[in-house]
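A.B. asks: Here you go, one structure.
The values are calculated or read from the model by the stated rules, or taken from the named source; none is laboratory data. Just so it is clear, the model here is predicted, and its values are computed rather than measured. Every residue, glycine among them, receives a Cβ derived from its backbone with ideal geometry; neighbour counts consider all protein chains shown.
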Amino acid sequence: MKLNVGFIKSVLNVYDEMSQNGISIVYLGEFHHQITKMFTSMAEDDLDRKDEEKGIIRRVYSVMVETLQNMARHSDELADKFNIGKGLFMIGKKDTSYYVITSNKVSNAKVKTLEAAIK
């Protein structure tokens, strides 16, 4: 397999952008219970190393667990016969705020239902 130099430069640019914006964990792939456990453990260890307050650790942990579970349950892009959801997960900290970014595909038929649930 031969990679295009332009592609490699693009990947390095994305890496630089993520680093500059405080992103510490990025994952693209399947979401299931073991993945959720792994990411929550990694993030919790990272927050402990940064001497974050226990309340902040609990809030970040809760948001991560909920979003990762939603990814596993509600993704319409399924990885295999076991109906494991696929998507993108990122966590980062910029200044004093933590953020969790997720993305997964959902069919158009579910859009109105999901929008109503969010509101």
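A.B. asks: Which ones in region 1-49 are among the aromatic types (Phe, Trp, Tyr) and surrounded by 10 or more Cβ atoms within 10 Å (Cβ to Cβ)? Lay out the reasoning, then the answer.
C.D. replies: Start the filter on region 1-49 by keeping residues that are among the aromatic types (Phe, Trp, Tyr), which leaves 7, 15, 27, 31, 39.
Once the filter is applied, which keeps residues that are among the aromatic types (Phe, Trp, Tyr) and surrounded by 10 or more Cβ atoms within 10 Å (Cβ to Cβ), region 1-49 yields Tyr15, Tyr27, Phe31, Phe39.
A.B. asks: Then there's this: For region 28-59, give me the residue count where each residue is in contact with a Gly (Cβ under 9 Å, 6 or more places away or on another chain) and of a type outside the set (A, V, I, L, M, F, W, C).
C.D. replies: Here is the first cut: in region 28-59, the residues in contact with a Gly (Cβ under 9 Å, 6 or more places away or on another chain) are 28-32, 35.
Filter once more, so that each one left must be of a type outside the set (A, V, I, L, M, F, W, C): 29-30, 32.
The number of residues fulfilling the criteria is 3.
A.B. asks: Need pairs with beta-carbon distance below 9 Å; first residue of a type in the set (Ser, Thr, Tyr) and modelled with pLDDT of 85 or more and within region 48-73, second in a helix (DSSP H, G or I) and surrounded by 13 or more Cβ atoms within 10 Å (Cβ to Cβ); sequence gap 6+ or separate chains.
C.D. replies: Tyr61/Thr40; Tyr61/Ala43; Tyr61/Glu44; Tyr61/Leu47
A.B. asks: Can you name the residue in region 96-112 that is exposed (fewer than 10 other Cβ atoms within 10 Å of the Cβ) and among the hydroxyl-bearing types (Ser, Thr, Tyr) and, of all such residues, is farthest from Ser75 (Cα to Cα)? Break it down into steps so the answer makes sense when it comes.
C.D. replies: Applying the first criterion (exposed (fewer than 10 other Cβ atoms within 10 Å of the Cβ)) to region 96-112 yields 96-97, 107-109, 112.
Still in the running and among the hydroxyl-bearing types (Ser, Thr, Tyr): 96-97, 107.
Values: Thr96: 31, Ser97: 27, Ser107: 9 Å.
This residue is Thr96.
A.B. asks: If you don't mind, there's one more thing I want to ask. Quick one: count up the residues across region 87-113 that are at pLDDT below 80 and either under 20 Å from Phe39 (Cβ atoms) or of a type in the set (A, V, I, L, M) (or both).
C.D. replies: Residues meeting the conditions: 2.
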